[in-house]
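> Below you'll find the structure I mean.
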Amino acid sequence: MTWETITLDIDDDVATLTVDRPDQLNALNVETLHAIEEALDEAAAADARVLVVTGAGEDAFVAGADISKMVEMTTPEAQAYAELGHRVADRIETFPAPVIAAINGYAFGGGMELALAADLRVASENAVLGQTEIDLGIIPGWGGTQRLTRLVDDETARRLVFFGARVDATDAHELGLVGELVAHDQLDDHVAELAADLASQPKFALQAAKEAMNAVHDGSQTVGLAYEKRAWSGLFGTHDQREGMQAFLDKREPEFE
Ligand code: COA
C-alpha cells in the first residue's frame, strides 16, 4: 500500500516507517495517524522482526500533533482525536516486535509520545525533545503523562510537562529520555546495525520479553491513559487552549489567563 504522508519500507525483516510531511515538520494530522495504523498492520502482516519509526527531512522526527487541525476543535472532536492518537501509540507499544524510534530532529508533543511508545530510542545529536503542550494551553494527550513518568523519575517528568522544556539530545540522553546518542550523519547506519542485531535475536523470545515487560505497567497505565484522554479533551474550548494554539499559528507569544 502507499500513502501520501508516510512511507513504509520492508527490507530483510526490518520495517521502516517514515512520517513524510517535512514542510509541516512531520506534524501528525488525522490522515497521517490512520496511515500509520495501516502501515503497522502491513508491517506486522509481513512478519517484520523490527520496526523503525523516523521522520523525513533534515529537521524533524515529528513536531507533534497538527496544531492547525486542533485549534478550533470542540471537546467531542478532541476526544476522537485523543482516541486515535492513543490507539496509534498503543499499537506501537504492542507491536509484535521491538520498535526503535530513530529521532532525527524535533520530537515535540505527540512526536515525543510516539517515541515514548517505542521500545528503544536512538537520537541524533540534532534531536530536540519535549512534551511542549503546556505552551499551547493543554497537556500531553497521547500517552505522555503516563509513559514519561515510567521512563524518567517522577519529578523530572513533572518538570518536563509543567515547563514544556525543549531538551537537546545530550541532555535527553543524560536524563534517560533516549537510550543512545549518535552523530547526525551516523544515525541511519547505527539504527540499521541495531535493527539487524535485534532481527537476529530469537523472534519469539524477543516478543515474549516485550510483552512481559509491557505488562509491568499494565493495570496502572490503563487507568492513567484513560484519565489522560479525559483530561486532555476537557481542555478544548478553554481560553488558554484557543489562545495557545492560535498564538503558535500566528507566530506570536500566547497570552494565557
Ligand atoms: N502542527 C502543525 N504545524 C506545525 C507544527 C505542528 N505541531 N510544527 C510545525 N509546524 C509547521 C509550522 O506551522 C510551519 O508551517 P508554515 O511554514 O506553513 O508556517 C512549518 O511547520 C515550519 O515550522 P516553523 O515553526 O516555521 O519552523 P521553526 O524552525 O521556526 O520552528 C519548531 C520549529 C519545531 C521549534 C516549531 O515549529 C514548533 O515549536 N512547533 C510546534 C511544537 C509543538 O508545540 N508541538 C506539540 C504539538 S502537540
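The values are calculated or read from the model by the stated rules, or taken from the named source; none is laboratory data. Since this is a predicted model, take the numbers as computed values, not measurements. Cβ: placed from backbone, ideal geometry, glycine included. Neighbour counts: every protein chain shown. Surface areas here come from the heavy atoms of the whole protein model, side chains and all, with no ligands, DNA or RNA. Shrake-Rupley method; radii C 1.70, N 1.55, O 1.52, S 1.80 Å.
> Give me the number: length gained by fully extending D197 to D185, i.e. 0.36 nm times residue separation minus the C-alpha to C-alpha distance, one decimal in nm.
Answer, rounded to one decimal: 2.3 nm.
> Ok, one more. Can you tell me the orientation of helix 75-93 relative to the chain, as the angle in degrees between its alpha-carbon axis and the longest Cα principal axis, to the nearest 10?
20 degrees
> Which ³J(HN,Hα) values in Hz, rounded to whole numbers, follow from the phi angles of region 22-31 under the Karplus curve 6.51 cos²θ - 1.76 cosθ + 1.60, where θ = phi - 60° and Gly and Pro get x?
x, 5, 9, 6, 6, 4, 9, 9, 4, 4
> Given 0.36 nm per residue, what is the gain on full extension from A44 to A205 after removing their alpha carbon distance, in nm?
56.3 nm
> Given a 1.4 angstrom probe, what's the average accessible area per residue across the chain, in square angstrom?
The answer is 46 Å² per residue.
> Hey, any idea what the orientation-averaged projected area of the convex hull of region 101-241's Cα atoms comes to, in nm²?
Answer in nm², one decimal: 8.8.
> Tilt of helix 154-163 relative to the longest C-alpha principal axis of the chain, in degrees (0 to 90, nearest 10)?
50 degrees
> Further question: So what's the back-of-envelope 222 nm ellipticity for the chain, counting only DSSP H runs of four-plus at -39500 (n - 2.57) apiece and dividing by all residues, rounded to 500?
-15000 deg cm²/dmol
> On to the next question. Is the C-alpha gyration tensor of region 54-118 telling us rounded, prolate or oblate? Criteria: a/c under 1.5 is rounded; beyond that, a/b larger than b/c is prolate, otherwise oblate.
Note, shape of region 54-118 comes out oblate.
> Seen from all sides and averaged, what is the projected area of the convex hull of the Cα atoms in the chain, in nm²?
If you wrap the Cα atoms of the chain in a convex hull and average its projections, you get 12.7 nm².
> Spelling out what I want: for every residue of region 239-250, take phi, set θ = phi - 60°, compute 6.51 cos²θ - 1.76 cosθ + 1.60 (Karplus), and round to whole Hz; glycine and proline get x.
4, 5, 5, 4, 5, x, 6, 5, 4, 4, 5, 7
> Still on this structure, I have one more. Please give me, ordered by residue number, the chymotrypsin sites (Phe, Trp or Tyr not before Pro) of region 165-257 that lie in loop per DSSP and have at most 15 other Cβ atoms within 10 Å.
F256
> Additional query: If each residue of separation counts as 0.36 nm, what is the full-extension length gain between D12 and V30 once their alpha-carbon separation is subtracted?
3.5 nm
> Just to be sure I understand: of the beta bridges DSSP finds with both ends in the chain, what percent are antiparallel, rounded to 5?
Counting DSSP beta bridges with both partners in the chain, the antiparallel share is about 25 percent.
> Setting aside same-chain residues fewer than 8 positions from K69, which lysines have a Cα under 26 Å from its Cα?
K229, K251
> Sticking with this one: Enter the angle in degrees (range 0 to 90, nearest 10) between the Cα long axis of helix 203-215 and the first principal axis of the Cα atoms of the chain, meaning the one along which they spread out most.
30 degrees
> Looking at region 195-257, which trypsin sites (Lys or Arg not before Pro) are DSSP coil and have at most 15 other C-beta atoms within 10 Å of their C-beta?
K251, R252
> Give the accessible area for D250 in Å² (nearest 10); use a 1.4 Å probe, count only protein heavy atoms, and leave out ligands, DNA and RNA.
Its heavy atoms expose roughly 80 Å² to the probe.
> Probe 1.4 Å, all protein chains in place: accessible area of S200 in Å², nearest 10?
Solvent-accessible area, nearest 10 Å²: 90 Å².
> Tally up the carbon and sulfur contribution to the accessible surface of the chain as a whole percent, 1.4 Å probe, everything protein left in place.
51 percent
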